Amino acid sequence: MRVKSLQCRICKKEFRAELNYVCDECFGPLDVIYNFDEINLTKNIISEREKNLWRYNELLPIENKKNIVDIGAGYTPLHKAKKLAEKIGIKELYIKNDTVNPSFSFKDRPASVAVSKCQELGLWAVGSPSTGNLASATAAHAARAGIPCYIFIPYDIESAKISQAQIYGAHIIPVNGTYDDANRLASYAGDEYDIGIVNVNVRTYYVEGSKTLAFEVCEQLGWVAPEHVIVPTGSGALLCAIQRGFREFNKLDLIKEEKIKISSAQPEGCSPIVDAIQNNSDLIKPVKKPNTIAKSLAIGEPGDGIFAVNTVKKSGGYGEKVNNDEIREAIRLLASTEGIFTEPGGAVSIAVLQKLVNQGKINSDERTVCYVTGNGLKAPEAPYTQPPKFSIVEPKREVLQSIIRR
Ligand SMILES: *Cc1c(COP(=O)(O)O)cnc(C)c1O
Ligand SMILES: [Zn+2]
């Protein structure tokens, strides 16, 4: 068996690898523990495989390959951002461009693993509460698997994200409330109707998919780790998963580095994790009414909050937040220097990068990776406070002389 057990992150009690996500002793979250002595994974073996996240399947919790639901998530470009680096004032900057996944956000990674696990567990339906991106990622993988999908979203997320999720055939349930309200309703649906709610009762397996964002970066850098990574943070699950990914690659001797700074990027208007880091607090203060254009990060009660805080602190990284104007500016900056269009959630890491460099917290020669996690077309109005205006011209060549200047 690939998975040895599930283990409580707090009290370390072990459980069998079933549909379980919470410790019955202390209510801590469970993590997947692998049979590491049985894993034989080398750089050569990995290099020869298909270019998607399943190239690391030994470190993903699916026992039987026939259960894998794959629509091509993962192995996205690691883009060397020369122009942006110059502009910001550092030497070696990379963008992990996860805007180009099948449903256009990094959520395809955990969704692919979670829906696969639901197949393996024989569940009849899947679903998720979502701030938008997980909705489409879950729905797309459910479509491929051919099983029903129930999506719980705050009613006021970007309309592009709602229509995208619906087109895959999912049942859309807009909730009159916040993400956290949608989350509670979805959890209830999971318990009551035996639905695999990918980021709730399947969460233990779900988060494993996001580790591949660490694996790929190391592989694409030529089997070395970055020195500093910046991670857009909502629930904190992605940030914690990236840290575990680096640790597992180190354990398997696929990278030498152990100390990698991990910084958390959040929007003002919903920054409970960054606030706890900055105030050196061991408590997450929930945000009752998140208010930010970075809607994919608007999670007021982050499930992995305190673990993300500890991960950042232990790594020597930072927590930083940015406002809506800074986010809009960062969307424009990334698009106009590197040709990558991201939604506000992804731009938060770029805006925070800029801030950390300005504060002297990132050295100019630090090998830095910014995770850019969602596509700009998911929130096409976000960069503008006013819709852009153009003047329409007659199709006559005379008009060109007043427009084009060499
Ligand atoms: C969900 C999401 C995140 C954050 O992931 P968490 O695991 O909730 O911290 C970051 N960026 C985008 C675009 C997302 O959709
Ligand atoms: Zn426990």
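The values are calculated or read from the model by the stated rules, or taken from the named source; none is laboratory data. Note that the structure is predicted; figures quoted are calculated from it, not measured. A quick note on method: Cβ atoms are made from the backbone with ideal geometry, for glycine too, and the neighbour counts reach across all protein chains shown. These area figures cover heavy atoms from the full protein model, side chains too; ligands, DNA and RNA do not enter into them. Shrake-Rupley method; radii C 1.70, N 1.55, O 1.52, S 1.80 Å.
Kindly provide the set of residues from segment 279-299 that are surrounded by fewer than 20 Cβ atoms within 10 Å (Cβ to Cβ) and not aliphatic (A, V, I, L, M), ordered by number.
Selection gives N279, N280, S281, D282, K285, P286, K288, K289, N291.
Could you list, in sequence order, all residues of segment 352-380 that are within 30 Å of E158 (Cβ to Cβ), away from ligand 1 (no atom under 16 Å from the Cβ) and out of contact with any His (no Cβ under 9 Å at 6 or more places or on another chain)?
Once the filter is applied, which keeps residues that are within 30 Å of E158 (Cβ to Cβ), away from ligand 1 (no atom under 16 Å from the Cβ) and out of contact with any His (no Cβ under 9 Å at 6 or more places or on another chain), segment 352-380 yields Q354, K355, V357, N358.
Suppose the filter is open to solvent by 10 Å² or more (accessible area, probe 1.4 Å), away from ligand 1 (no atom under 16 Å from the Cβ) and of a type in the set (G, A, S); does S235 pass it?
The answer is no for S235.
Out of all the residues in segment 68-78, is one or more in a loop (DSSP other than H, G, I, E, B), within 16 Å of ligand 1 (Cβ to nearest atom) and open to solvent by 50 Å² or more (accessible area, probe 1.4 Å)?
No: zero hits.
State whether the residues of segment 168-183 include one that is assigned to a helix (DSSP H, G or I), within 16 Å of ligand 1 (Cβ to nearest atom) and among the β-branched types (V, I, T).
no
Can you find, within segment 13-30, the residue that is surrounded by the fewest Cβ atoms within 10 Å (Cβ to Cβ) among those that are away from ligand 2 (no atom under 11 Å from the Cβ) and within 25 Å of the chain's Cα centre (by Cα)?
E18
Can you pull out every residue in segment 118-148 that is away from ligand 1 (no atom under 13 Å from the Cβ), open to solvent by less than 10 Å² (accessible area, probe 1.4 Å) and not aliphatic (A, V, I, L, M)?
Answer for segment 118-148, where residues must be away from ligand 1 (no atom under 13 Å from the Cβ), open to solvent by less than 10 Å² (accessible area, probe 1.4 Å) and not aliphatic (A, V, I, L, M): C118, G127, H141.
When only residues in segment 1-12 that are near ligand 2 (Cβ under 9 Å from one of its atoms) and open to solvent by 70 Å² or more (accessible area, probe 1.4 Å) count, which is farthest from the chain's Cα centre (by Cα)?
Going through the qualifying residues, I end up with K12.
How many residues, within segment 4-33, are within 16 Å of ligand 1 (Cβ to nearest atom) and touching a Lys or Arg at 6+ places or on another chain (Cβ under 6 Å)?
Count: 3.
Does segment 184-202 contain any residue that is surrounded by fewer than 21 Cβ atoms within 10 Å (Cβ to Cβ) and touching a Gly at 6+ places or on another chain (Cβ under 7 Å)?
Yes, because at least one residue in segment 184-202 is surrounded by fewer than 21 Cβ atoms within 10 Å (Cβ to Cβ) and touching a Gly at 6+ places or on another chain (Cβ under 7 Å).
Quick check, is I45 hydrophobic (A, V, I, L, M, F, W, C), more than 16 Å from ligand 2 (Cβ to nearest atom) and buried (at least 19 other Cβ atoms within 10 Å of the Cβ)?
Answer is no for this residue.
Only one of V357, V369 is of a type in the set (A, V, I, L, M, F, W, C) and open to solvent by less than 10 Å² (accessible area, probe 1.4 Å); which?
Result: V369 is the single residue among V357, V369 that is of a type in the set (A, V, I, L, M, F, W, C) and open to solvent by less than 10 Å² (accessible area, probe 1.4 Å).
Considering only segment 1-39, how many residues are closer than 20 Å to Y206 by Cα and not in a loop (DSSP other than H, G, I, E, B)?
Looking only at that region, the number is 16.
Suppose we filter segment 360-406 for residues that are aromatic (F, W, Y) and part of a strand (DSSP E or B); how many remain?
Result for segment 360-406: 1.
Can you give me the number of residues within segment 256-278 that are surrounded by fewer than 23 Cβ atoms within 10 Å (Cβ to Cβ) and under 30 Å from T42 (Cβ atoms)?
5
For segment 149-162, which residues satisfy the criterion of being in a loop (DSSP other than H, G, I, E, B), open to solvent by less than 40 Å² (accessible area, probe 1.4 Å) and modelled with pLDDT of 90 or more?
Listed by number, the list is empty, since nothing qualifies.
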